[in-house]
1. State whether one or more residues within segment 184-193 are in a helix (DSSP H, G or I) and surrounded by fewer than 21 Cβ atoms within 10 Å (Cβ to Cβ).
2. Restricted to segment 75-108, and to residues that are among the aliphatic types (A, V, I, L, M) and at pLDDT below 95, which residue is nearest to Ile47 (Cα to Cα)?
3. In this structure, is Val113 modelled with pLDDT of 95 or more, buried (at least 23 other Cβ atoms within 10 Å of the Cβ) and either within 11 Å of the ligand (Cβ to nearest atom) or in a helix (DSSP H, G or I) (or both)?
4. Among the numbered criteria (1) surrounded by 21 or more Cβ atoms within 10 Å (Cβ to Cβ); (2) farther than 25 Å from Leu142 by Cα; (3) not charged (D, E, K, R), which one does Ser18 miss?
5. Looking at Ser266, Ser227, which is the one that is over 14 Å from the mean Cα position of the chain (by Cα), among the hydroxyl-bearing types (Ser, Thr, Tyr) and under 24 Å from Arg41 (Cα atoms)?
6. Return the residue satisfying two criteria in turn: it lies in segment 50-66 and is more than 23 Å from the chain's Cα centre (by Cα) and in contact (Cβ under 8 Å) with a residue 12 or more places away in the chain, and of such residues it is surrounded by the most Cβ atoms within 10 Å (Cβ to Cβ).
7. Any chance you could count how many residues in segment 286-315 are in contact (Cβ under 8 Å) with a residue 60 or more places away in the chain and either in a helix (DSSP H, G or I) or under 20 Å from the mean Cα position of the chain (by Cα) (or both)?
8. Considering segment 197-241 alone, what residues qualify as being on the phi < 0 side of the Ramachandran plot and assigned to a loop (DSSP other than H, G, I, E, B)?
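The values are calculated or read from the model by the stated rules, or taken from the named source; none is laboratory data. All values derive from a computational prediction rather than experimental measurement. All Cβ positions, glycine included, derive from the backbone under ideal geometry; neighbour counts span all protein chains shown.
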Amino acid sequence: FSTKDSFVTNVQPQLDHSGHKITVVGVGAAGIGSAFSILTRSVSNDIALVDSAQDKLEGEALDLQHGSSFLHNARIVASTDYAVTAGSRICVLTAGARLKKGETRFDLLQRNVEIAKNIIPQLLKYSPDTILLIVSNPVDILTHIAWKISGLPKTRVIGSGTNLDSSRFRFLISQRLGIGLSSCHGWIIGEHGDSSVAVWSSVNVAGVRLQTLNPSFGTDGDDEKWSELHQKVITGAYEVNKRKGNTGWATGLNVSGICEGILKNSRNVYAVSVLVQGLHDIKEEVFLSLPAVLGENGVTDVIIQPLENSEKAKLQKSAQVLSKVMKSVKW
Ligand SMILES: COc1ncc(-c2ccc3c(Nc4cccc(C(=O)O)c4)c(C(N)=O)cnc3c2)c(OC)n1
């Protein structure tokens, strides 16, 4: 007999799966920023945290649990045992090796491949129908690698890609025009980072395309120097990392925005890393960011923007570069 039995009558078994469970792998700044944003933006109140660092993991879980009365009765579980991730609709991979002294970016990539080969099979074991959202860098390569390791269809493996770059781009446009961010549209596509492609023809407010009004818009010949906005996007993460060591808040908010689009079957469009082979005359099997329609079953459509030859050429160059890197990765 228990006190509970004296006032609680069970009428049927409680379910374990909320239907909107999200797993976050990695409890560094990106992972915790993601978990915190998912919870505080009410994208989900059913979160699992996994990592290899037990103390950090337990500390972060406890700290979040202590706040769960402010978080719509959030259910936060954490363990180094991936069994806690069972039934996840989305698994967010933020885990990754940190660049060691004198290590090349390729060595780092190779270590991240090893880590992904350890993590992804465990995620799929407990959530065989999950959607993988890869955040770790180099995100386009690691999304491709995650797709290969997971065996999931290409529609269920997504990289955060240039969605955050596009968000930074729109923020800078809105600052320059003094118009609200949600009314300022602009897309950064292709490779995340230095080689991203700004689709200048897509920049518009209320459908008014700035390139129509200023034909040199975004080019070096533009005396208004709009191209500086793209440079600021490219250096954005570096400027933040240099000052505070990580980009946890923006990364986390970006992750929660993409998760929201998926879980709510929004069919909104996000600049995320998807398999682009066959699109824009790209021959190679590579992942790059294009505007993609997301729903609860992952990527449903890809928007093929009319690109200038120079923009298309940059995408195809990135595809060749990434394809070469993929071929030299040791599995
Ligand atoms: C074969 O068993 C096994 N078990 C655990 C791992 C492993 C290795 C590194 C991991 C890992 N990264 C990590 C852990 C420790 C050190 C480093 C580093 O960069 O030096 C990086 C993370 C994370 N949050 O970044 C999360 N999980 C990991 C898991 C692993 O990786 C190959 N293999």
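1. The initial filter retains those residues of segment 184-193 that are in a helix (DSSP H, G or I), namely none.
No, that holds for no residue.
2. The first filter runs over segment 75-108 and keeps only residues among the aliphatic types (A, V, I, L, M), leaving 76-78, 83-84, 86, 90, 92-93, 95, 97, 99, 108.
Add one more test, that the residue is at pLDDT below 95, and what stays is 97, 99, 108.
Numbers: Ala97: 23, Leu99: 28, Leu108: 29 Å.
Once the filter is applied, the top-ranked residue is Ala97.
3. Numbers: modelled with pLDDT of 95 or more: yes; buried (at least 23 other Cβ atoms within 10 Å of the Cβ): no; either within 11 Å of the ligand (Cβ to nearest atom) or in a helix (DSSP H, G or I) (or both): yes.
Criteria not met by Val113.
4. (1)
5. Working: Ser227 fails: under 24 Å from Arg41 (Cα atoms).
Within the list Ser266, Ser227, the selection yields Ser266.
6. Of segment 50-66, the ones more than 23 Å from the chain's Cα centre (by Cα) are 54-55, 58-59, 62-63, 65-66.
Pick out the ones that are also in contact (Cβ under 8 Å) with a residue 12 or more places away in the chain and you get 54, 58.
Details: Gln54: 11, Glu58: 16.
Per the criteria, the residue is Glu58.
7. Filtering segment 286-315 down to residues in contact (Cβ under 8 Å) with a residue 60 or more places away in the chain leaves 286-292, 294, 296-300, 305-308, 311, 314-315.
When the remaining residues are screened for being either in a helix (DSSP H, G or I) or under 20 Å from the mean Cα position of the chain (by Cα) (or both), the result is 286-292, 294, 296-300, 311, 314-315.
The total comes to 16.
8. Going through segment 197-241, the residues on the phi < 0 side of the Ramachandran plot turn out to be 197-205, 208-217, 219-224, 226-241.
If the condition is that a residue be on the phi < 0 side of the Ramachandran plot and assigned to a loop (DSSP other than H, G, I, E, B), then Asn214, Pro215, Ser216, Phe217, Thr219, Asp220, Gly221, Asp222, Asp223, Glu224, Trp226 are the ones that fit.
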